[in-house]
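*Asks:* This is the structure I want to talk about, given as structure tokens.
The values are calculated or read from the model by the stated rules, or taken from the named source; none is laboratory data. The shown structure was predicted, so the numbers you read here are calculated from the model rather than taken from an experiment. Heads up, the Cβs are rebuilt from the backbone with ideal geometry, glycines too, and the neighbour counts pull from every protein chain shown. Each accessible area value is taken on the protein alone, full model and side chains, heavy atoms only, with ligands, DNA and RNA left out. Shrake-Rupley method; radii C 1.70, N 1.55, O 1.52, S 1.80 Å.
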Amino acid sequence: MGMTITEKLLADHSGRERVVPGEIVNATLDLIICHEVTTPPAVAMLKKLGIHKVFDPSKILVTPDHFVPNKDIRSAELAKQLREWREEQGIERYYEVGNHGICHALAPEQGHVLPGQTIVCGDSHTTTMGALGTFATGIGSTDLAAALATGELWFKVPETMRIDLEGSLPFGVYSKDIILSIISKIGVDGARYMAMEYGGSGLPSLSMEARFTITNMAIEAGGKSGIMPADQVAQEYVKARTSDAFRIFESDADAHYASRHRIQVSALEPMVALPSLPSNGRFISELSPVKMDQVYIGSCTNGRIEDLRIAASILAGNKVAAGTRAIVVPATTEVWKLALKEGLLEIFADAGCVVSTATCGACLGGHMGVLGPGETCLSTTNRNFIGRMGSTKSLVYLASPATAAATAIAGVIADPRDYLPSSGHPVLAPTGTDDYLWGV
Amino acid sequence: MPEIPTKLRGRAHVYGRPHINTDEIIPARHLNVHDEAELARHAMEDIDEGFVARVRPGDILVAGEDFGCGSSREHAVWALRGAGVKVVIAQSFSRIFFRNAINNGFLAIECVGAAELASTGDDLEVDLERGLLLNHTRGAEARFVPLTDFAKELLAAGGLLPFVLAKRAKVVA
Ligand code: SF4
């Protein structure tokens with residue numbers, strides 16, 4: 001019997017011909033990503049054990065992202081520990097505030113993620129990077145410590161759930177709507193312990209940016225990883241960023257899947273996940289226009305340039321509703337700069353949005369838009385758990401950047417199809433010199 | 001090297017709802033520290049404000065499906081352990097929480113129906129050798145899924161880091 005991409009990747013990295021789901025393998029790691037929340041505890045564990053050197057500084061990437069620019073004294077201490085540690089270890093791939101970004105968006109954008117790699121990070125949304133044909137999974141600090149010390153980690157080979165995306169996205173519908181609909185179908189633990197592998201006739205038409213949104217939320221279905229074959233689109237994305245060689249793994253036609261699902265993408269509508277689970281998705285036509293105190297556009301799910309272009313195309317020439325606050329948080333410094341060059345920041349500012357530097361910020365109730373008791377927020381992030389963005393008495397709704405922008409204008413949950421310029425999406429043509437990067 | 005205890009007895013704290021996530025176990029506003037004693041003061045804060053006042057060393061946390069889903073923060077395990085919880089017994093666990101627990105040498109046991117078998121305050125016993133959860137208050141019992149050999153090895157070593165170091169030492173020796 002054949003193997004899935006995930007099985008092939010794990011077999012390859014553990015020196016085996018083949019592996020089967022359930023087997024425990026010790027796999028070598030190609031990239032370890034570190035941020036300021038989960039890395040300092042890992043470093044402290046290693047120091048306690050007398051381990052003062054990482055296995056290979058060139059395989060590590062470091063950026064502060066959660067609470068930067070430092071939200072308080074304690075966060076400043078964490079960022080300082082991270083900075084000092086990377087200096088001491090001689091880790092060159094470091095993105096200081098000013099070049100920083102949310103790690104899951106930054107690492108691929110800066111050309112550090114190559115098809116065929118194994119990647120870990122002390123953060124559950126590491127699954128994002130599977131969109132480039134990698135095995136990428138989130139771990140805790142102890143695993144991170146072991147990974148940093150040895151360059152290896154044990155993994156139970158996951159079963160694979162195969163999801164085929166068929167057809168193309170209708171007007172006003174985006175990849176966020178695809179993943180919200182999948183999670184609503186299978187539930188927040190529907191893919192527990194599994195690799196969520198994507199394929200189908202609809203995949204080639206999705207941009208890399210759109211794909212990252214889908215693999216980002218694998219963990220919201222309990223998945224161990226999300227993975228897509230590194231096709232033409234993925235290879236072009238990588239080649240535009242690095243000249244490093246990479247390897248492509250593909251699932252065999254006779255690979256075994258734990259289950260198979262097919263999503264008719266063309267039949268989707270914009271979706272909103274109601275509080276307080278990502279699986280509470282509803283088609284927007286089923287919803288009443290609930291009032292929103294805040295709209296949040298950003299995060300590792302939907303803070304990339306394409307997301308901002310879509311939001312800006314709706315907000316251009318409009319105003320955020322009285323009684324609603326809109327906060328836009330580009331996922332990386334590079335996205336922020338591009339948005340500046342393309343005039344998107346001006347559009348947001350004119351519409352009455354606040355635009356922040358890159359940060360996780362309010363996505364996890366950190367800073368830059370934390371919610372008070374009784375407040376409602378429609379957010380492009382990935383989790384709407386109780387208390388996720390602030391008070392346990394606040395309510396978070398999840399949706400695409402288009403739905404968020406429409407909602408900001410209406411002040412109540414609104415259908416982006418009523419606000420999008422009819423010429424389609426994304427409407428704003430990029431300008432400037434860096435455009436090739438996004439292959440629009 | 002800590003032995004895996006074969007029997008644990010303690011008072012139950014039961015949270016039967018499915019999908020209790022790590023944001024509820026330890027909210028992100030406390031992630032700017034990783035000191036176990038400090039995290040312990042906020043354990044379960046967003047699901048039960050009274051938990052920290054009630055929990056005593058040796059207590060047993062009983063939960064429903066998919067306990068510990070969401071963020072990968074190991075702070076969730078540290079907060080519970082710091083608060084004195086000896087073992088978490090759940091219908092099922094999210095992947096990262098389970099892995100973090102075992103990596104820390106902290107017991108996480110999957111037991112179907114555990115949450116229905118106990119109420120908060122019940123006198124529970126976990127018999128690891130026999131794979132039995134006993135409720136002495138109700139006189140009820142349930143079988144649980146035995147730990148895998150690999151998990152047992154990790155627990156016996158005291159967690160992942162001692163385990164990895166011991167293996168390395170063997171290779172060097
Ligand atoms: S943006 Fe939100 S979900 Fe993404 S890494 Fe940051 S806190 Fe986690």
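*Asks:* I'd like the distance between the alpha-carbon centres of the range A:247-265 and the range B:100-173, rounded to an integer number of Å.
*Replies:* Taking the Cα centre of the range B:100-173 as reference, the centre of the range A:247-265 is 35 Å away.
*Asks:* For a distance above 45 Å, tell me the whole-number percent of Cα pairs in the protein assembly as shown that qualify. Before the final figure, lay out the partial values.
*Replies:* Values: 23741 of 187578 pairs.
It works out to 13 percent of all Cα pairs.
*Asks:* Shifting gears a bit: What FRET efficiency would be calculated for the residue pair B:Glu49, A:Glu96, taking the C-beta separation as r and a Förster radius of 45 Å, to the nearest 0.05?
*Replies:* Details: r = 39 Å, r/R0 = 0.86.
According to the calculation, E is roughly 0.70.
*Asks:* So how do A:Asp72, B:Asp59 rank on accessible area, 1.4 Å probe, biggest first, that is with the largest at the start?
*Replies:* On the way: A:Asp72 50, B:Asp59 5 Å².
Most to least solvent-accessible, the answer reads A:Asp72, B:Asp59.
*Asks:* Another question about this same structure. Which sequence of B:Phe106, B:Phe98 reflects their accessible areas, 1.4 Å probe, from the largest down?
*Replies:* Ranked from most to least accessible, the order is B:Phe98, B:Phe106.
*Asks:* Report B:Phe144's accessible area, 1.4 Å probe, all protein chains in place, as a number in Å² to the nearest 10.
*Replies:* Here the accessible area works out near 20 Å².
*Asks:* Run through the DSSP bridge list for chain A and note the antiparallel percent, rounded to the nearest 5. Let's see the in-between values first.
*Replies:* Details: 11 of 53 bridges.
Roughly 20 percent of the beta bridges in chain A run antiparallel, per DSSP.
*Asks:* Between B:Arg130 and A:Ala253, what is the label-point separation in nm under the 7 Å Cα-to-beta-carbon projection?
*Replies:* For A:Ala253 paired with B:Arg130, the spin-label model returns 5.6 nm.
*Asks:* Hey, any idea what % of chain A's accessible area is carbon plus sulfur with a 1.4 Å probe? Kindly include the intermediate steps, with their values, before the conclusion.
*Replies:* Details: 7310 of 14080 Å².
The nonpolar share, carbon plus sulfur, comes to 52 percent.
*Asks:* Compute the length gained on full extension between A:Ala267 and A:Lys319: take 0.36 nm times their separation in residues and subtract their Cα-Cα distance, giving the result in nm to one decimal.
*Replies:* Numbers: separation 52, 0.36 × 52 = 18.72 nm, distance 3.10 nm.
Full-extension gain reported as 15.6 nm.
*Asks:* For A:Trp336, what accessible surface area do you get with a 1.4 Å probe? Give it in Å², rounded to 10.
*Replies:* Its heavy atoms expose roughly 90 Å² to the probe.
*Asks:* Next up: What does the average come to when, for each residue of peptide B:100-109, you count the partner chain Cβ atoms lying within 10 Å of its Cβ?
*Replies:* On the way: counts 5, 2, 1, 9, 4, 1, 0, 0, 0, 0.
Mean inter-chain Cβ contacts per residue within 10 Å come to 2.
*Asks:* Next up: Which one of A:Ala351, A:Ala258, A:Ala316 has the biggest mean-square fluctuation once chain A is modelled by GNM with Cα springs under 10 Å?
*Replies:* Fluctuation is largest for A:Ala258.
*Asks:* Here's a follow-up. Below 12 angstrom from the Cβ of A:Arg18, what's the summed charge of the other residues (Lys, Arg +1; Asp, Glu -1)? Show your work: numbers first, answer last.
*Replies:* Details: positive: A:Lys8, A:Arg16; negative: A:Glu7, A:Asp12, A:Glu17, A:Glu23, A:Asp252.
Net charge in that neighbourhood comes out at -3.
*Asks:* May I pose another question? Rolling a 1.4 angstrom probe over the protein chains, ignoring ligands and nucleic acids, what is the accessible area of A:Ser394 in square angstrom, nearest 10?
*Replies:* For A:Ser394, the solvent-accessible surface is approximately 10 Å².
*Asks:* If exposed trypsin sites (Lys or Arg not before Pro) are those in a DSSP loop with at most 14 other Cβ within 10 Å, what is the longest stretch of chain A that has none?
*Replies:* Numbers: sites that count: A:Arg16, A:Arg18, A:Lys53, A:Arg247, A:Lys319, A:Lys393.
The longest uninterrupted stretch comes out as A:54-246.
*Asks:* When DSSP assigns beta bridges and you keep just the ones with both residues in chain B, what percent turn out antiparallel, to the nearest 5? All intermediate terms of the calculation are to be shown ahead of the outcome.
*Replies:* On the way: 13 of 27 bridges.
For chain B, the DSSP antiparallel bridge percentage is about 50.
*Asks:* Net charge near A:Phe246: determine it from the other residues with C-beta under 12 Å of the C-beta of A:Phe246, scoring Lys and Arg +1 and Asp and Glu -1.
*Replies:* +1
*Asks:* OK, next. Only loop residues by DSSP count here, and only those with at most 16 other Cβ atoms within 10 Å; note down the trypsin sites (Lys or Arg not before Pro) in the range B:1-50 that meet that.
*Replies:* Values: sites: B:Lys7, B:Arg9, B:Arg11, B:Arg29, B:Arg41; in loops: B:Arg41.
Listed in order of number, the matching sites are B:Arg41.
*Asks:* Further question on the same structure: Under a 1.4 angstrom probe, counting protein chains only, how are B:Arg138, B:Arg99 ranked by accessible area, largest first?
*Replies:* On the way: B:Arg138 115, B:Arg99 15 Å².
So the residues, ranked largest to smallest area, are B:Arg138, B:Arg99.
*Asks:* If you take the accessible area of B alone, add that of A alone, and subtract the area of the pair, what total do you get in Å², probe 1.4 Å, to the nearest 100?
*Replies:* Values: alone 8730 and 15800 Å², together 20930 Å².
Buried surface at the B/A interface: approximately 3600 Å².
*Asks:* Just flag the chymotrypsin sites (Phe, Trp or Tyr not before Pro) in the range A:190-272 sitting in loop per DSSP whose Cβ has no more than 13 other Cβ atoms within 10 Å. Before the final figure, lay out the partial values.
*Replies:* Values: sites: A:Tyr193, A:Tyr198, A:Phe212, A:Tyr237, A:Phe246, A:Phe249, A:Tyr257; in loops: A:Tyr193, A:Phe246, A:Phe249, A:Tyr257.
Within the range A:190-272, no chymotrypsin sites (Phe, Trp or Tyr not before Pro) qualify (loop, at most 13 other Cβ atoms within 10 Å).
*Asks:* Enumerate by residue number the GluC sites (Glu not before Pro) in the range B:6-77 meeting two conditions: DSSP loop (anything except H, G, I, E, B), and at most 11 other Cβ atoms within 10 Å of the site's Cβ.
*Replies:* On the way: sites: B:Glu24, B:Glu36, B:Glu38, B:Glu45, B:Glu49, B:Glu65, B:Glu74; in loops: B:Glu45, B:Glu49, B:Glu65, B:Glu74.
Loop-located and lightly packed - B:Glu49.
*Asks:* Okay, moving on. Give me a single rounded figure for B:17-23: the average over its residues of other chain Cβ atoms within 10 Å of their Cβ.
*Replies:* Neighbouring Cβ atoms belonging to other protein chains average 5 per residue here.
*Asks:* With an 8 Å cut-off on Cα pairs and a minimum separation of 6 or more residues, tell me the relative contact order of chain A in percent.
*Replies:* 17 percent
*Asks:* Further question: Taking beta carbons within 10 Å but only from partner chains, what does the mean come to for residues A:181-190?
*Replies:* Working: counts 0, 0, 0, 0, 0, 0, 4, 8, 9, 0.
Average per residue, whole number: 2.
*Asks:* If you don't mind, there's one more thing I want to ask. Taking 8 Å as the Cα distance limit and 6 or more residues as the minimum spacing, I'd like the relative contact order of chain B as a percentage.
*Replies:* Details: 386 pairs, mean separation 43.0, N = 173.
Relative contact order for chain B comes out at 25 percent.
*Asks:* For an R0 of 22 angstrom, estimate the FRET efficiency from the Cβ-Cβ distance between A:Leu49 and A:Ile73 and round to the nearest 0.05.
*Replies:* Numbers: r = 28 Å, r/R0 = 1.28.
After rounding, the FRET efficiency stands at 0.20.
*Asks:* Shifting gears a bit: Where the centroid of each part is defined by its Cα atoms, how far is the range A:1-70 from the range A:215-246 in Å?
*Replies:* Spelled out, the Cα-based centre of one part sits 17 Å from the other.
*Asks:* In Å and from the alpha-carbon atoms only, list the Rg and Dmax of the range A:280-418.
*Replies:* Here Rg and the maximum Cα pair distance are 13.4, 39 Å.
*Asks:* When only Cα pairs under 8 Å and 6 or more residues apart are kept, what is the percent relative contact order across the range A:1-83?
*Replies:* On the way: 62 pairs, mean separation 23.4, N = 83.
RCO, the range A:1-83: 28 percent.
*Asks:* Which value in deg cm²/dmol, rounded to the nearest 500, describes the helix-derived mean residue ellipticity at 222 nm for chain A, given -39,500 (n - 2.57) per DSSP H run of n ≥ 4 and division by the residue count?
*Replies:* So the helix-based figure for chain A works out to -8000 deg cm²/dmol.
*Asks:* May I pose another question? Excluding ligands, DNA and RNA, what is the solvent-accessible area per residue of chain A at a probe of 1.4 Å, expressed in Å²?
*Replies:* On the way: 14080 Å² over 440 residues.
That works out to 32 Å² for each residue.
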